């Protein structure tokens, strides 16, 4: 669907799609099998300017917007969700908090390498006892002289342990006011004493994406590593998640489209009882429903991205987009696997990887239930 895209946006989407087909796709099976993030692909993404898409040119970005970022993520996710989430997290969770809330010194120090793809950063939010209930954060940071001393654990942190990871931004309780936790965000460079990036997870999906638990045991960083205003970290990361949900919706749409493309091609080539599977009405109806899901998901995330880029309220639209697109990815992965039959259960076929990968799209950066809660609140429903 290109009707609502500018000529520049169409060109960008086509460029990334070609890169995905010629560079990303050929290495995807092996990267998934070995649980290895291909750093050469990340380097090439940086050279293409993908990590700098939604940032101003004067900071080293490409001068684009969230629509541009979403188009790139969608094109990548068609063939490899692990690569797509590496870009999404690198921008939305790594560089964007520095751009949105950092002071001039922090922007000068970190953004050039982040926007060029020479460095990555993680966002340490989730904890063993604080997932959807992020306000239940237990990690603490206390002032001692001119330093923050951080103690606690984080889990499921993307891009936190790659060879080019430079830091993680962590949420931590820095005080109590009127009986409520004050949560702040603090930059913790990799290599900080007391900060340990634990062994990577053995995941069901996104196996080529870099994901680790983190431990902070008296980790000390300068007080100037505070990101934004002390005590406003909770509000800040909520706004970051609102934006990130648009990007995840774009990723989900790409995954749903990748499943559709593979299923259509397979149905046309697969002979069943003397004729192509694609001539069977049941298969046709399944593929038609898959097409509808892709179309609907794309409309939803495009709408949310346009609102965000126009400076309009977009929190409800981003929740709707993530909900619709996440469901589309999971449903299309299931249907594509059924179209492929036994072959759909074999990891050498991309639909098998999409089947494993897509479930997290209903969980990460806000579960399905959280999206429903956001939408319900937008309807004025209390609770």
Handout entry: Filter result for residue 162 (within 21 Å of residue 207 (Cα to Cα), at pLDDT 95 or above and surrounded by fewer than 23 Cβ atoms within 10 Å (Cβ to Cβ))
Key = yes
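Results for (1) under 24 Å from residue 354 (Cβ atoms); (2) at pLDDT 95 or above; (3) surrounded by fewer than 18 Cβ atoms within 10 Å (Cβ to Cβ), shown as yes or no for each residue.
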{"site": "21", "(1), (2), (3)": "yes, yes, yes"}
{"site": "24", "(1), (2), (3)": "yes, yes, no"}
{"site": "32", "(1), (2), (3)": "yes, yes, no"}
{"site": "36", "(1), (2), (3)": "yes, yes, yes"}
{"site": "46", "(1), (2), (3)": "no, yes, no"}
{"site": "61", "(1), (2), (3)": "no, yes, no"}
Practice task
Consider only pairs whose beta carbons are under 7 Å apart and that are at least six residues apart or on different chains; among these, list those whose first residue lies in segment 1-19 and is within 23 Å of residue 80 (Cβ to Cβ) and whose second residue is part of a loop (DSSP other than H, G, I, E, B) and at pLDDT 95 or above.
Solution key: 19/48
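Is it true that residue 359 is more than 24 Å from residue 68 (Cβ to Cβ), at pLDDT 95 or above, part of a helix (DSSP H, G or I) and touching a strand residue (DSSP E or B) at 6+ places or on another chain (Cβ under 6 Å)?
Details: more than 24 Å from residue 68 (Cβ to Cβ): yes; at pLDDT 95 or above: yes; part of a helix (DSSP H, G or I): yes; touching a strand residue (DSSP E or B) at 6+ places or on another chain (Cβ under 6 Å): no.
The answer is no for residue 359.
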Exercise for the section: Consider residue 321 carefully, then state whether it is part of a helix (DSSP H, G or I) and either within 27 Å of residue 28 (Cβ to Cβ) or in the same structural domain as residue 130 (by TED's automatic domain parsing) (or both). Expected result: yes
Fill in the blank from the handout: The residue from 377, 334 that alone is over 24 Å from residue 289 (Cβ atoms), free of Cβ contacts under 8 Å to residues at least 24 places away in the same chain and assigned to a helix (DSSP H, G or I) is 377
Fill in the blank from the handout: Only one of 218, 205 is within 28 Å of residue 68 (Cα to Cα) and either in contact (Cβ under 8 Å) with a residue 12 or more places away in the chain or in a helix (DSSP H, G or I) (or both), namely 205
Problem - Candidates 73, 98 - the one that is part of a helix (DSSP H, G or I), more than 16 Å from the chain's Cα centre (by Cα) and at pLDDT 95 or above - result: 98
Exercise for the section: Identify, from the list 276, 219, the residue that is outside the structural domain of residue 166 (by TED's automatic domain parsing) and on the phi < 0 side of the Ramachandran plot. Expected result: 276
Problem - Any hit, segment 131-151, residues being under 17 Å from residue 42 (Cβ atoms), outside any strand (DSSP E or B) and in the same structural domain as residue 227 (by TED's automatic domain parsing) - result: no
Practice task
Working only within segment 221-239, note down all residues that are more than 19 Å from residue 153 (Cα to Cα), part of a strand (DSSP E or B) and out of contact with any helix residue (DSSP H, G or I) (no Cβ under 9 Å at 6 or more places or on another chain).
Solution key: 222
Handout entry: Checklist (1) crowded, with 16+ Cβ neighbours inside 10 Å; (2) within 30 Å of residue 78 (Cβ to Cβ); (3) at pLDDT 95 or above applied to residue 202, failing item
Key = (1)
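A quick yes/no check of all residues on (1) in a strand (DSSP E or B); (2) closer than 27 Å to residue 252 by Cβ:
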| site | (1), (2) |
| --- | --- |
| 118 | no, no |
| 160 | no, yes |
| 183 | yes, no |
| 191 | no, no |
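The values are calculated or read from the model by the stated rules, or taken from the named source; none is laboratory data. Keep in mind it's a predicted model, so treat the numbers as computed, not measured. Glycine also receives a Cβ, built like all others from the backbone with ideal geometry; neighbour counts cover every protein chain displayed.
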